[in-house]
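Report on one structure; see the data block that follows.
No value in this document is a laboratory result; all are computed from the given coordinates. Predicted, not measured: the structure shown is a model, and the values here were computed from it. A quick note on method: Cβ atoms are made from the backbone with ideal geometry, for glycine too, and the neighbour counts reach across all protein chains shown.
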Amino acid sequence: MRKILVTNDDGIDSDGIRRLAEVASKFGEVWIVAPCKQYSAMSHSATFWTPIDVWPVDFPVEGVHAYATSGTPSDCVSVALNAVLPFKPDVVFCGINKGYNIGPSIQYSGTCGAAFEASNQGCHTIAFSEEHEGPHEVADKYIEEIVSVLIDKPLGVNEIWNINFPGCTLEECKGIKYDCPVSQAQFFSGGYNVVKRDGDKVTYMIDYMPNWDAEEGSDLRAVTDNYVAVGKVKNFS
């Protein structure tokens with residue numbers, strides 16, 4: 001039986017990791033090591049100079065071994081592979097993230113940061129994301145089919161599979177597009193607003209809007225055209 005590690009960046013209590021664990025349990029024995037709180041946009045941030053706490057938690061999917069940590073998503077993978085799990089997993093699943101991880105935004109993603117950590121340590125890895133406020137029905141319809149295709153499909157060194165589900169209804173979804181390259185278009189535009197001034201100290205808050213204009217055939221174009229986007233992302237050579 002396959003051994004599957006599941007993690008995320010939205011926290012162990014998120015709906016996305018529960019749904020992903022339910023799917024993963026159909027493919028093997030599932031172990032979860034995930035952050036105890038929201039850790040979005042942490043990229044590949046890792047903890048080196050302070051301890052990381054790990055503790056078992058009750059998880060609402062039968063048969064799943066689950067642990068929460070005080071660490072980042074990348075930490076969760078590293079501590080799982082090097083301390084918590086009594087084996088090396090056959091595959092690592094990351095997500096289901098609340099929000100696309102697509103185009104240049106991939107570099108900020110805690111979900112993809114965890115996935116890249118897993119790939120760096122020699123694990124076959126798949127990251128899953130969906131539109132932030134959209135319905136779940138497209139992901140719930142297609143995710144098992146996609147896992148069946150990708151769970152044993154080879155990847156290059158430091159590569160991950162990256163899946164994004166569009167935020168449309170199932171009736172509006174046009175299907176799955178495989179081999180989508182990462183969009184090179186700038187996904188976010190904007191700047192920073194001043195929210196407070198205290199003498200010489202200025203407090204800023206980021207203010208950005210997504211840019212949905214992308215190259216034909218790219219991952220971003222696929223989801224804007226209501227396709228599930230599936231592609232490879234390489235971390236470094």
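List of remarks:
- Of the chymotrypsin sites (Phe, Trp or Tyr not before Pro) in segment 1-92, those whose Cβ has at most 14 other Cβ within 10 Å and which sit in DSSP loop: 48, 49, 87
- Dipole magnitude for the chain: computed about the Cα centre from +1 point charges on Lys and Arg Cβ and -1 point charges on Asp and Glu Cβ, it is near 560 debye.
- The overall shape of segment 101-146 is oblate: from the C-alpha gyration tensor, with semi-axes ordered a ≥ b ≥ c, the ratio a/c is 1.5 or greater and a/b is no larger than b/c.
- Charge dipole of segment 118-180 about the Cα centre (unit charges at C-beta), most positive-ward option of 162, 173, 129: 162
- Modelled spin-label separation between residue 208 and residue 141, with each label point placed 7 Å from Cα along the Cα-to-Cβ direction: 3.0 nm.
- In segment 5-66, Cα pairs under 8 Å separated by at least six residues give a relative contact order of 41 percent.
- Structure-based [θ]222 nm, the chain - -39500 (n - 2.57) summed over DSSP H runs of at least 4, per residue, nearest 500: -6000 deg cm²/dmol
- With coordinates expressed along the principal axes, the C-alpha atoms belonging to segment 87-194 extend over 48, 38, 23 Å, beginning with the largest.
- Relative contact order of the chain, defined on C-alpha pairs under 8 angstrom at six or more residues apart (%): 18 percent
- Most mobile listed residue (14, 148, 105) in the chain, GNM with C-alpha springs under 10 Å: 148
- Filtered GluC sites (Glu not before Pro), segment 91-147: DSSP coil and at most 10 other beta carbons within 10 Å: 133
- Of [x] 17.4; [y] 19.3; [z] 18.1, the label for Kirkwood radius over Cα pairs in Å derived from the coordinates: [z]
- In a DSSP loop and with at most 16 other Cβ atoms within 10 Å, the chymotrypsin sites (Phe, Trp or Tyr not before Pro) in segment 194-234 are 212.
- You can think of it this way: the chain between residue 88 and residue 45 has 13.3 nm of extra reach, that is 0.36 nm per residue less the Cα-Cα gap.
- Spatially near lysine pairs across segment 76-224, Cα under 27 Å, sequence gap of 8 or more or different chains: 10
- Per-residue HN-Hα couplings for segment 20-31 [Karplus 6.51, -1.76, 1.60; θ = phi - 60°; Hz; x = Gly/Pro]: 5, 5, 4, 5, 4, 5, 7, 10, x, 7, 9, 10
- Rounded if a/c under 1.5, otherwise prolate or oblate - segment 1-75, Cα gyration tensor axes: prolate
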